[in-house]
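Each remark here refers to the structure printed beneath this line.
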Amino acid sequence: MDGSSTLSDLRVIECADGVAGPYCGKLLADLGAEVVKVEPPGGDSSRRFGPFPGDRPHLERSGQFLYLNSNKRGVTLDLEHAAGVEVLTRLAADADVLILDRPRSQLEALGIDVDALREANEGLVVTVLTPYGFTGPYKDWAGNAHTVYQMSGMGRETPSGYVTDPEHEPPLSPGNPQADYLTGVTAATSTMVAITYRRVYGGGQLVDVSGVEANTNHVRMNWNMFAYNPDLLGGREKAAFGQVIECKDGHIFFAPYGLDHWWMSLRRMMGDPEWARDEVYLTGPGRTANVNNIEPHVRAWALNHTRDELYWMSIENKVPCFPVYSASEMRASPQLEARGFFIEVEHPEAGSFVQPGAPVQQTGSRWAIDRPAPRLGEHTDEVLSELGYSHDAIVALFRDGAIQG
C-alpha cells in the first residue's frame, strides 16, 4: 500500500444528529471518505454541548461538535420543507453511503422513503442508527444514550460485583453518552462490511443498527447467562475484588487476583507479609471466598504508594494496573505524548485546540485531520453547485428557507 487514505473513493451523506451517527461518519471521514453533513437550520444538537472555550456557549465552538465532525463538509437543509427533502434525495442519489438516525415513521412523515432511495441508487448503503432498531417491536420508541445503556445491561455492570449498599448504589450511566459512541463504531464497522460486500458481489444494503443490541453485545456473557442459565448470574452485591482503589495521590485500576502468578507477584510487591501466606489464598476460588480478608490489607498497602510507583511496580511484575487520570493528566501523559496520540487542530471560530488522534494505528493507510468541523451551513452553496443546481436555483432555495448557509 502507498499510504493513501483507505476510503478516499467513498462518498457519504450524513443526516444524523448528536453523537452516534456523527461518530459513525467521523470514523469514515478520518480515513479519507468524503462526508457531507446535513444539519437542520438551528444546527446539530452537539453544537449546544460543551466544553466551550471559557465556558461561553457558542454554536461554532463546542468541543463535542468539533471533535465529532472534523473532515466533513456541512450543508444546512430544512427537511420540514419539500425542497430540502429534494436536495437530500439528490445527495443520496450520488452517494455510496447514507447515514440516518430517525425511525422509519419520522422519516416517512418528512417524505423521506428509504426504500425509494435504495431503488433509485442500487449501490447505496443506508445505515440507520436508532435506540431500538429500524425494524422490530420497539422501532418507534423514544430513547437516548441513557436508556440504551440501561436496557442493554451495561448499567447493571456499573457497578457490579462490589456494591456494598444496593439501596443507595443504583445502576449508573457514565457521565458522557458512552453508549452512543459504541453504537457509532458498531455502525461504522457494519457499514464497511456492507461496502465490502458491494465491492465483491454488487448491490447496496440496509444496515439496521440498534443501540441496545450494539451495547448488549459489549457485555460479554451476561445476557447469554441470563438467557440460558439465570441461576449463574448473581446479584450486584459485592462478591469480588474492587478494581479501582485509592493510593497516596489518587486512584489506580488494580487487578492482581485473577491468576495465581499475579497473586504471587503481588505478594512480592508487598514484601510477602505474613497475612498473605495463608495457603487458602493460593487459588482463585480461595482468594474470591476471602475477598473481605484480603482486600483491606491490599488497600492499606496501596495508600503508602503513589500511582506511578504502583504502576511501575506492576509493570515490572506483570500485574494488570494503570493510573486513573483526569482529563488534564491524560493530556500530559508521557505515553500518549510519545505515541503522538493528541493532535492540534485549527478552526476559524474556535481557534487552535487539541483533540484525540487516530483510535488505532493502521499500517499502510493514511489517517489525518485535513479540515476542521464545518461552520453552520459553510458548504451549502458549494455542495449544491456540485449537484448541478444553478446560481438562481440556489438563491431561490435560500429565499424560500429550504437551505441556509
* **Relative contact order (percent, whole number), region 214-365, Cα cutoff 8 Å, 6+ residue spacing** => 21
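What's the carbon and sulfur percent of region 243-328's accessible surface, probe 1.4 angstrom, rounded to a whole number?
That share works out to 56 percent.
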* Asked: Using the alpha carbon gyration tensor of the chain, what are the three equivalent-ellipsoid semi-axes (square root of 5 times each eigenvalue), largest first, in whole Å?
  -> 47, 25, 19
* Cα long-axis angle, helix 391-400 against the chain (0 to 90 degrees, to the nearest 10) -> 70
* Under the definition of Cα pairs under 8 Å and six or more residues apart, what whole-number percent is the relative contact order of the chain? -> 21
* Does region 252-405 come out rounded, prolate or oblate, given a ≥ b ≥ c as the square roots of the eigenvalues of its C-alpha gyration tensor, rounded meaning a/c under 1.5 and, failing that, prolate meaning a/b above b/c? -> prolate
* To do: Can you tell me the FRET efficiency between Gln106 and Arg56 if r is taken as the Cβ-Cβ distance and R0 is 30 Å, rounded to the nearest 0.05?
  => 0.35
* Asked: Rounded, prolate or oblate: which fits region 152-213, taking a ≥ b ≥ c as square roots of the Cα gyration tensor eigenvalues, rounded meaning a/c under 1.5, else prolate when a/b beats b/c?
  -> prolate
* **FRET E, pair Asp140, Arg371, Förster distance 41 Å, beta-carbon r, rounded to 0.05** => 0.65
* Structure fact -> When every protein chain stays in place and a 1.4 Å probe is rolled, Val395, Val212, Val87 sorted by accessible area with the largest first are Val395, Val212, Val87
* Asked: How much length, in nm to one decimal, is gained on full extension between Lys248 and Tyr325, taken as 0.36 nm per residue of separation minus their Cα-Cα distance?
  -> 26.4 nm
* **region 243-328, relative contact order in percent, only Cα pairs under 8 angstrom and at least six apart counted** => 45
* **For His347, residues with placed amide H under 5 Å, excluding near neighbours** => Ser352, Phe353
* To do: Please work out the FRET efficiency for the pair Ala396 and Glu274, using the Cβ-Cβ distance as r and a Förster radius of 60 Å; give the result to the nearest 0.05.
  => 0.10
* Sorted from largest down, what three extents in whole angstroms do the Cα atoms of region 194-301 have along their principal axes? -> 68, 35, 25
* Asked: How would you classify region 243-328 from its alpha-carbon gyration tensor, with a ≥ b ≥ c the square roots of the eigenvalues: rounded for a/c under 1.5, else prolate if a/b is greater than b/c, otherwise oblate?
  -> prolate
* Select from region 135-221 those trypsin sites (Lys or Arg not before Pro) which occupy a DSSP coil region and have at most 13 other Cβ atoms within 10 Å, ordered by residue number. => Arg220
* Asked: If you plug each phi of region 361-372 into the Karplus form 6.51 cos²θ - 1.76 cosθ + 1.60 with θ = phi - 60°, what whole-Hz ³J(HN,Hα) values come out, in order, with x for Gly and Pro?
  -> 8, 10, 5, x, 10, 8, 10, 7, 9, 8, 8, x
* **Sparsely packed GluC sites (Glu not before Pro) within region 320-383, loop by DSSP, other Cβ within 10 Å at most 15** => Glu349
* Averaged per residue, what accessible area in Å² does region 243-328 show with a 1.4 Å probe, protein chains only? -> 55
* Residue among Cys24, Leu124, Pro103 farthest towards the positive dipole end of the chain, charges placed on Cβ -> Cys24
* Please go through region 22-116 and write out the trypsin sites (Lys or Arg not before Pro) that DSSP classes as loop and that have at most 16 other C-beta atoms within 10 Å. => none
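The values are calculated or read from the model by the stated rules, or taken from the named source; none is laboratory data. These numbers come from a predicted model, not from an experiment. Glycine gets a Cβ as well: all are built from the backbone with ideal geometry, and neighbour counts include every protein chain shown. When the accessible area is computed, the model is the full protein with side chains, heavy atoms only, and any ligands, DNA or RNA have been set aside. Shrake-Rupley method; radii C 1.70, N 1.55, O 1.52, S 1.80 Å.
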